[in-house]
Amino acid sequence: MKWTDLEAPKSAMATLNRVSGITLWEEMVRDRRDFCLSKCQNNKVVNMLRPKCTDRRYLDVLLLKRETKKNMPMFCYSQRIKGLLRSFQEGEFLLPDVYIYLDDYWKIIHEKQAKARRTASDFLKRTIIKGKEVLPMGNVDQLIETHFVRGQIFCLWPKLDLCLVNAQETSIHSLKMLSSIVETLAESYGLDIDLMIEGNFAELRFQNLVIGDPSLVEAELEKSTSFTGYSEDEIWAEINLPSDFEEEGSDFKVKDLHLIFQTVDRVVELGEQDASQKTEEVEVQVDDIPIEVNKESKIRKT
């Protein structure tokens with residue numbers, strides 16, 4: 001089945017296959033009637049405590065197929081929502097790369113409110129941002145929105161009534177998805193970034209940074225192969241995009257993009273610490289000759 005932006009996120013099924021460690025379609029076709037109907041959905045104790053499909057992935061299959069709620073195993077779905085709500089209330093990391101309805105997303109992140117936010121436009125108009133805990137971005141007319149909640153990335157498709165919870169292994173499958181996540185993370189981390197896309201190439205140039213000891217900077221940047229270089233106040237990274245965003249998507253995942261921002265944020269933190277302590281430290285002179293690092297790291301100082 002081919003997905004389009006108007007039907008469901010591309011590469012979603014490939015992502016679910018990777019997360020579960022098994023070809024989901026093969027598992028579901030083989031075991032659906034036995035596990036999910038006879039032995040699971042009809043036995044609430046089993047469904048609640050020992051669901052027969054890994055992390056209730058059958059729910060994701062049905063949600064991505066746009067099944068109606070009438071055909072959804074709603075008790076099983078309710079257990080997923082209870083688990084996510086409990087994890088959110090306890091401040092834990094949520095189960096990654098799972099799908100839920102938008103109504104339930106609003107209920108989870110606004111669990112203390114009497115009335116759930118029922119549409120993206122309602123949320124964007126009425127939400128109160130406290131300490132950058134929730135950072136909505138983009139126009140409600142776009143096909144995708146990205147929120148950054150407690151260090152976790154949520155992708156929303158309002159027209160599809162779908163929310164991808166704690167995106168990590170999901171591939172970056174469109175330019176809109178890339179731009180949406182980049183803008184949200186830039187605002188969340190307070191970073192000044194210039195995103196340039198040309199053909200199959202995307203460059204992220206982080207600007208106006210406070211950068212300290214070059215050796216510390218280089219050690220941090222080597223945590224991601226996407227970084228290509230840095231200067232006194234800039235860091236830049238490159239992303240290779242597929243020639244055409246097919247169903248399988250790109251090998252570049254949401255967690256890889258997030259790692260780039262986390263690393264730059266760490267570099268800035270080290271730079272600020274270095275600046276505040278430089279009067280107490282021995283000053284090290286670094287000449288102005290550009291330094292080329294080994295080809296494997298691809299990181300250079302100019």
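The values are calculated or read from the model by the stated rules, or taken from the named source; none is laboratory data. Note that the structure is predicted; figures quoted are calculated from it, not measured. Quick reminder, even Gly has a Cβ in these numbers, built from the backbone with ideal geometry, and neighbours come from all protein chains shown.
Would you say S226 is at pLDDT 90 or above, crowded, with 18+ Cβ neighbours inside 10 Å and not aliphatic (A, V, I, L, M)? Against the criterion (at pLDDT 90 or above, crowded, with 18+ Cβ neighbours inside 10 Å and not aliphatic (A, V, I, L, M)), S226 qualifies.
Of the set (1) part of a helix (DSSP H, G or I); (2) farther than 18 Å from D161 by Cα, all apply to P51 but (1).
Count of segment 148-206 residues, restricted to those that are of a type in the set (D, E, K, R) and crowded, with 19+ Cβ neighbours inside 10 Å, is 0.
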